[in-house]
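Reading through the structure tokens given below for one structure.
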């Protein structure tokens, strides 16, 4: 295992990464040089300066994980990583306190005009009248983005006896109320009322240019702007124009659309604007935060490679430790149900998958289970070794397969049941699975009750309920040297339709399968090879070699 670190991180984090494999620290590696180098590595660890583009990811043929030491991932092409099945992890909490405290530091600096006063003193000027400031007590702080950092900023502002107003499209009103924060009616309401506006949002197509000329027009002329989130959220030209015109009292900017905002990059017009406090992306720049994010990401890389749940996964559903404990048997079961149904429909074109969660499962976070079903289905059906839990939803969508997830309160025999219905161009098969303690089982197929351990090799056939069919199958298996390990049967009525599932001790070859299909009364026969179950690790499991028919699409 080879790991590449392209930016400075804490020594403790580096030591943790070295427990995983060989670590190369190549500071400043970026662009074409990174594209050329990345092919040799399975893990890439970066901060904010390294651009992990689609070209970089494409060149990383063996890349499994990209770790971002920090919160934002706008320097990483997450969509391209997801398409290639590369797990992206960040440190959602490692620099929370550092960013919140930097926000408060800038808030004080704006209110008391501290940087200008310092510059004046260094110029041997004693000027107390020019730098009259404002008290924060009883002022309104508008927080745009009420995640972890926004919450910590609010707590500190409340300690200063400020009035805190928050806006977030995903606002948890109960959380805000519990700490004494008022929820703004909308974004415009916050802009009109706030004396200080601070942003704590990711940069995306919805947040880019979120504060532009039209929004600035809504604000008080005495208001100030703070951005310690991401460059691009604030329109720098519009803010500079407002500061020059006296339309706003001041601004403190820590993050920039181009970093640095000068030199080889276009010079930001904000740098020449009055009332501006600029800092060089210092939000996470404390010794504690640097150590925290490095150790956090290093720990996530370690547990991801062990196949355990990762709390900072950006492109994978997340489970808390207790949720993972409860769902662990069903994580195994989900993929095996997918494999089971795929092999019962081998050679057919899948048009739809419906996954129903019954009993206790209807109340659980089931996104990882759904991905497990789909991955088991496609890893068997298309025999594509690049399909994993990260990219399987995208692959399914590209294949035009309709996926429905249903939660049902209908009564069940077992405390928790997964029901998977697979529709193809010829059949619709429905299988149900449950867990017996830690052991996953397939408990029904097409309405018939069974108790199948989903490992090893099975022969499944549908036949007219005529005497002698089972005997002829047994004879053919015996003549080929194939031992029967167990058998379960079902039928609708005497002389009607029957289904049989036989566990055998080895793979059934094409020649034997063709002979069984020729038995009088046989409607259809399929073989199922589950494998050993070693492939079930999360979140980026290797795909085992699964035999597929030459007729598979």
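Treating each Cα of the stretch 57-108 as one equal point scatterer and applying the Debye formula with no solvent, the log10 of I(q)/I(0) at q = 0.13, 0.27 Å⁻¹ comes out as -0.43, -1.00. Taking the longest Cα principal axis of the chain as reference, the axis of helix 321-344 is set at about 50 degrees. Taking the chain as the reference, fit the longest principal axis to its C-alpha atoms, fit the long axis of helix 96-112 to the helix C-alpha atoms, and give the angle between the two in degrees, 0 to 90, nearest 10. Compared with the principal axis, the helix lies near 20 degrees.
Can you classify the stretch 96-274 as rounded, prolate or oblate using the Cα gyration tensor, where a ≥ b ≥ c are the square roots of its eigenvalues, rounded means a/c under 1.5, and otherwise it's prolate if a/b beats b/c and oblate if not? Oblate.
Peptide packing: for 428-437, 218-227, the average count of neighbouring Cβ atoms within 10 Å per residue gives the ranking 218-227, 428-437, highest mean first. Computed extension gain for residue 24 through residue 182, at 0.36 nm per residue and net of the alpha carbon distance, reaches 52.1 nm. Geometric descriptor of the stretch 315-474, per residue, is 131 Å³ (volume of the convex hull of the Cα atoms). Note on the chain: helix-only mean residue ellipticity at 222 nm, from DSSP H runs of 4+ residues weighted -39500 (n - 2.57) and normalised by residue number, equals -9500 deg cm²/dmol.
Length gained on full extension, residue 493 to residue 406, computed as 0.36 nm times the residue gap minus the Cα-Cα distance: 28.2 nm. According to the Cα-based calculation, Rg over Rh for the chain is 1.11, with Rh computed by the Kirkwood formula. For the chain, the relative contact order comes to 12 percent (Cα pairs under 8 Å, sequence separation of at least 6). Using the alpha-carbon centroid of each, what span in Å lies between the stretch 245-312 and the stretch 165-204? Between the Cα centres of the stretch 245-312 and the stretch 165-204 lies a distance of 21 Å. Centroid-to-centroid, using Cα positions, the stretch 110-127 and the stretch 397-446 are 69 Å apart.
Could you list 462, 256, 126 in order of exposure, starting from the residue whose Cβ has the fewest other Cβ atoms within 10 Å?
126, 462, 256
Our analysis of the stretch 196-251 gives Rg over Rh at 0.94, with the two radii drawn from alpha carbon positions and Rh computed by the Kirkwood formula.
Using the average count of surrounding beta-carbon atoms within 10 Å as a protection proxy, the listed peptides 261-268, 275-282, 96-103 rank, highest first, as 96-103, 275-282, 261-268. Legend: calculated FRET efficiency, residue 51 to residue 15, from the Cβ-Cβ distance at R0 = 22 Å, rounded to 0.05, equals 0.25.
Work out the FRET efficiency for residue 484 and residue 426 from their Cβ-Cβ distance, taking R0 = 30 Å, and round it to the nearest 0.05. Using R0 = 30 Å, I get an efficiency of 0.60. Two numbers describe the Cα atoms of the stretch 9-115: Rg and Dmax, which are 16.6, 53 Å.
Under the simplified labelling scheme, the residue 218-residue 118 pair shows an inter-label distance of 3.3 nm, with each label point 7 Å from Cα along Cα→Cβ. Approximating the spin labels as points 7 Å out from Cα along Cα→Cβ, the residue 127-to-residue 507 distance works out to 8.3 nm. Of all DSSP-defined beta bridges confined to the chain, some 50% are antiparallel rather than parallel.
What ranking, highest mean first, results for peptides 412-424, 492-504 when packing means the other Cβ atoms within 10 Å averaged over each residue?
Descending mean neighbour count gives 412-424, 492-504.
Any read-out appearing in this document is the output of simple, stated calculations on the displayed coordinates, not a laboratory observation. Fair warning: this is a prediction, and the values are worked out from it, not measured in the lab. So basically every Cβ, Gly included, is an ideal-geometry build from the backbone, and we count neighbours across all protein chains shown.
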